[in-house]
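Read-outs: derived from the displayed coordinates by stated rules, not from any lab. Everything numeric in this text was worked out from a predicted model, so none of it was measured. Note that we place each Cβ from the backbone using ideal geometry, even for glycine, and neighbour counts take in every protein chain shown.
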Amino acid sequence: MSPHRPFAVAHRAGNSLPGLRAAEEAGADWVEADVWRFRGSLEVRHLKTMGPVPLLWDRWRLARASAPRLQIEELLAAAVPGTRFMFDLKGHDARLPAELVRAVAASGRGAPFMVSSQSWDLLECFRDLADIPVAHSVGGPLQLKRVWKRLTWHDRHIISIHFKLLDAPTVRELKERASSVITWPINTPERLEKVVQWGLDGFTSDSLELIRAHAAGAATGS
């Protein structure tokens, strides 16, 4: 493998305490957690609410809305001191960014964190916070087309982009205009090798086994 080592993000691992612990043990560089502001609280979950219907949902999953929901304070308290989070901001509540910053500060954690979102409005709230990297999530061709016009934060802007949208020329152009480029989903050694070949800065994976092997390779210098 090339000496270049992209950092590894454990996809959605922070959405549960067992997932957090597994990602930490695997050696993930960053642990992703989805954060919503709901009824005055910051909840850590990927599932969406359904308005008055007492259910949470995602594509192929339903859950009772009455079930306990992980709060940001619980997640921060459970993490080991050196764990670095990538918080994926969900929804469009403009109060979410400031409340997240306050929650992290109140936890007393010294480890840095990163934020990502498909919402430019939410990310704009972090523009004047130089110590918080921001990553715009790009999942489709239309989003990629729009993102070229928005890459103006040259010194620290990050793009988190779906692997299907990438090839070597696109990666080169993105890296000329963004501080870092991350891709997802990277769940096989073959895709990870392509990430390394293209010189991408990081990757997001559902596979803790892949992250563990990647971390072990870095530790041995292989």
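Here are a few things to note about the model shown:
- Protection proxy ranking of 164-174, 5-15, by the mean of other Cβ atoms within 10 Å over each peptide's residues and highest first, is 5-15, 164-174.
- Estimated FRET transfer efficiency (ALA168, GLN118; beta-carbon r; R0 41 Å; 0.05): 0.95
- Between ARG146 and ALA213, the contour length at 0.36 nm per residue exceeds the alpha carbon distance by 20.6 nm.
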